[in-house]
Amino acid sequence: MLESTIIRSFLGLALLVVLPLIATPVVSIRVAKAQEKLKLPLGLQGDAAFIPDDNLQTPEKIALGKMFFWDKRHSASGTVACVSCHQSNHGWSDPRQFSINFAGKPMPRHTPTIVNRLFSDQQLWTGLRASLEEQVLKDLNRTDEKVVEHLGSIPAYQQEFRKIFGHDLEPIGVAKAIAAYVRTIVSGNSPYDRFVAGDKSALSTEAQRGLALFEGKARCVSCHAGFNFTDESYRNVGVGMDKPNPDLGRYTVTKNETDKGGFKTPTLRDVARRGPYMHDGSEKTLEEIVAFYNQGGVKNPWLSSDVKPLKLTAQEQKNLVAFLQSLTGEIDPEVGNPPPLPQ
Ligand code: HEC
Ligand code: HEC
């Protein structure tokens, strides 16, 4: 503990000196330090992780956050837990088009997967939240008062919380613990990753052709880029834009005209495990999605210039689906096992 404090203040001093010279690499140095103990599956890149300095990953904190994630008493009504909507056995998303919230009402947008959130700072389809901690703290299914009242009255939670945070249970620590747990929901070591690592038998010929289309003729990679299959940007592909009063997405956060109808490019890892898809849950299958892009999305004034009719043959569309299926990876089974909850 003391040793790490000394190392960290030394690091801080060193950064202070070096900072003016090299502005950009500093972030990755800091994150890399925080990441030292993270074991990531094949295909994921630790230096791309976002872990705030004031919420480093520890096994105790992660275990406590996991219980809160599963505990319905976290919500204002005691009727939903995070896992009710982000279901571990459905790609950490919801088979329902719109999840039912703490008040028994449907949510306005489809529940996204929370796989590989470790690699993103901004959260939500619109990027409204600047961090995972902020996202948990402002989740609309909870209130500060009820979190303290419901969870704080459970002796085992109080005891564990005090051990980790050094004081009585309060909302920010609860949010930090849950965020730390969510950062462990990582998926990698998919057939695609094994293929890239040199095992040429890991992908079928069909999926290999799909990969070539994904990176070439079908242009998917212009947005679903990099090892996590997202460039973390907000794009208008036209979903829902043919409806009256469409959801304007990213625009509701920035008020920039060009952001109208833009939504966050989701990761495609584990995509075959979830569905329905898109911010409004309007596409039911991967076949439907590929057909959607093949026709050039939905025309509207703000459509991304990267979305155009693709003229893919029926076989090419099948190949793309086979490739998407090859992104189904492995998550440490312990991460998804329901924890016993204290009474
Ligand atoms: C009633 C269903 C429901 C519950 C309960 C719920 N969520 Fe969500 N979650 C959603 C929906 C819907 C969205 C997308 C909202 C939007 O973008 O406007 C979302 C978005 C998120 C995101 C952003 C994902 C991304 O790709 O940007 C994270 C992270 C998240 N939730 C974590 C949690 C955690 C942790 C809890 C428990 C504290 C929780 N959620 C509880 C439905 C739910
Ligand atoms: C211009 C950027 C862009 C391009 C090009 C693009 N996508 Fe997307 N993709 C997005 C965005 C943004 C979303 C979310 C849209 C929404 O919900 O409104 C999305 C959503 C998806 C989803 C749903 C994922 C989920 O969890 O709901 C899949 C699957 C997908 N895209 C596959 C593809 C494939 C395959 C291609 C190539 C044929 C492709 N995308 C091309 C930006 C893009």
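Restricting segment 121-148 to residues that are farther than 25 Å from PRO276 by Cα and aliphatic (A, V, I, L, M), the residue that is surrounded by the most Cβ atoms within 10 Å (Cβ to Cβ) is VAL147. Among the residues of segment 252-266, just one is within 23 Å of the chain's Cα centre (by Cα) and away from ligand 1 (no atom under 15 Å from the Cβ), namely LYS260.
Kindly provide the set of residues from segment 74-115 that are near ligand 1 (Cβ under 7 Å from one of its atoms), buried (at least 18 other Cβ atoms within 10 Å of the Cβ) and hydrophobic (A, V, I, L, M, F, W, C), ordered by number. If the condition is that a residue be near ligand 1 (Cβ under 7 Å from one of its atoms), buried (at least 18 other Cβ atoms within 10 Å of the Cβ) and hydrophobic (A, V, I, L, M, F, W, C), then VAL80, ALA81, CYS82, CYS85, PHE102, ILE114 are the ones that fit.
Taken together, the residues in segment 316-343 that are in a helix (DSSP H, G or I) and either closer than 17 Å to CYS220 by Cβ or within 14 Å of ligand 2 (Cβ to nearest atom) (or both) amount to 10. Can you pull out the residues in segment 90-113 that are hydrophobic (A, V, I, L, M, F, W, C) and either in a helix (DSSP H, G or I) or within 21 Å of PRO171 (Cα to Cα) (or both)? Result: PHE102, ALA103. Against the test of being part of a helix (DSSP H, G or I), more than 13 Å from the chain's Cα centre (by Cα), crowded, with 17+ Cβ neighbours inside 10 Å and outside the structural domain of GLY275 (by TED's automatic domain parsing), the options LEU118, LEU151 yield a single qualifying residue, LEU151.
Among residues of segment 76-89 that are part of a loop (DSSP other than H, G, I, E, B), those with a beta-carbon under 6 Å from a residue that is within 16 Å of ligand 2 (Cβ to nearest atom) at least six positions away or on a different chain give the pairs HIS86/TRP92; HIS86/ILE114. Restricting segment 36-73 to residues that are assigned to a loop (DSSP other than H, G, I, E, B) and hydrophobic (A, V, I, L, M, F, W, C) leaves a set whose member that is surrounded by the fewest Cβ atoms within 10 Å (Cβ to Cβ) is LEU42.
TRP125 meets all of the listed conditions (1) within 13 Å of ligand 1 (Cβ to nearest atom); (2) aromatic (Phe, Trp, Tyr); (3) not in a loop (DSSP other than H, G, I, E, B) but one, namely (3). In the set (1) in a helix (DSSP H, G or I); (2) closer than 29 Å to GLU330 by Cα; (3) more than 10 Å from ligand 2 (Cβ to nearest atom), THR258 fails one condition alone, (2).
Do you know which residues across segment 178-200 are assigned to a helix (DSSP H, G or I) and within 17 Å of ALA49 (Cα to Cα)? Correct list: ILE178, ALA179, ALA180, TYR181, VAL182.
Of the residues ARG269, ARG274, which is charged (D, E, K, R), near ligand 2 (Cβ under 7 Å from one of its atoms) and under 14 Å from the mean Cα position of the chain (by Cα)?
Going through ARG269, ARG274 in turn, the sole match is ARG274.
Test of understanding: among ASP280, ASP306, which residue is closer than 13 Å to ALA218 by Cβ, acidic (Asp, Glu) and in contact with a Lys or Arg (Cβ under 7 Å, 6 or more places away or on another chain)? Within the list ASP280, ASP306, the selection yields ASP306. Would it be correct to say that GLY336 is in contact with a Phe, Trp or Tyr (Cβ under 9 Å, 6 or more places away or on another chain) and within 16 Å of ligand 1 (Cβ to nearest atom)? Here the answer is yes, as GLY336 does meet what is asked.
The values are calculated or read from the model by the stated rules, or taken from the named source; none is laboratory data. Everything quoted here is computed from the prediction, not taken from an experiment. When we count neighbours, we look across all protein chains shown, and the Cβ atoms used for this are built from the backbone with ideal geometry, even at glycine.
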